[in-house]
């Protein structure tokens, strides 16, 4: 069946935010007694909900994470993104080459999606076709966000492909009954492929992959 819609994750796929956000998470955890490197944070939390951080902290320390964690994280991310955030290499050219309807499906809050796309100049490719897990109160790896995006765009799941970079996101797309292309920016190709994705290493490969699959 020919693809009728491409659903893009945002963080790590469109914008190179994962190193920034996971640096902030690792700093918070380390400052609160749980030494964690930025790379370890990426491995543990990329593509997941913030609740995963709290669950990990409690499992490791036996204590709940600080009540200020999410507000501290959001505030520090906003500052860092404003100063540092860039697109993933090759994204703008790739988006120009894919002549299909596009939307975004992200675990992040809607204001964050808008801010990141505005900051990097990518908003014009999507307009208001932006879907947040916070709107439906269901986060990846559950499939609900991608099913919601397809429904809002007026298409069946089988008509859609998902572009993801995390294990959680791949699992969500596969569970939604969609073909998933896995970008290896933050995760090994073997891990993404084992979860059901078709892996790729650079955004300049994606248009051909979508057209040929």
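The values are calculated or read from the model by the stated rules, or taken from the named source; none is laboratory data. None of the values given here were measured: they were computed from a predicted structure. Cβ sites come from the backbone with ideal geometry, for glycine too, and all protein chains shown count toward neighbours.
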Residue under evaluation residue 105, criteria (1) under 16 Å from the mean Cα position of the chain (by Cα); (2) within 30 Å of residue 211 (Cα to Cα); (3) without any contact (Cβ under 8 Å) to a residue 60 or more places away in the chain, criterion not met: (3)
Count of residues meeting criterion [under 12 Å from residue 7 (Cβ atoms) and free of Cβ contacts under 8 Å to residues at least 12 places away in the same chain] in region 126-179: 1
Evaluation of residue 28 against (1) in contact (Cβ under 8 Å) with a residue 12 or more places away in the chain; (2) out of contact with any strand residue (DSSP E or B) (no Cβ under 8 Å at 6 or more places or on another chain); (3) within 28 Å of residue 200 (Cβ to Cβ) (one fails), failing number: (3)
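For the subset of region 29-68 comprising residues that are in a helix (DSSP H, G or I) and more than 25 Å from residue 142 (Cβ to Cβ), which member is modelled with the lowest pLDDT? I'd like the intermediate steps shown before the answer.
If we filter region 29-68 for residues that are in a helix (DSSP H, G or I), which is where we start, we get 29-31, 38-45, 51-61.
With the extra rule that they be more than 25 Å from residue 142 (Cβ to Cβ), the set shrinks to 30-31, 38-39, 61.
Details: 30: 97, 31: 97, 38: 95, 39: 92, 61: 97.
Ranking the candidates gives 39 first.
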Any hit, region 112-127, residues being exposed (fewer than 14 other Cβ atoms within 10 Å of the Cβ), at pLDDT 95 or above and touching a strand residue (DSSP E or B) at 6+ places or on another chain (Cβ under 8 Å): yes
So residue 89, is it touching a residue at least 60 places away in the same chain (Cβ under 8 Å), outside the structural domain of residue 46 (by TED's automatic domain parsing), surrounded by fewer than 21 Cβ atoms within 10 Å (Cβ to Cβ) and over 15 Å from the mean Cα position of the chain (by Cα): yes
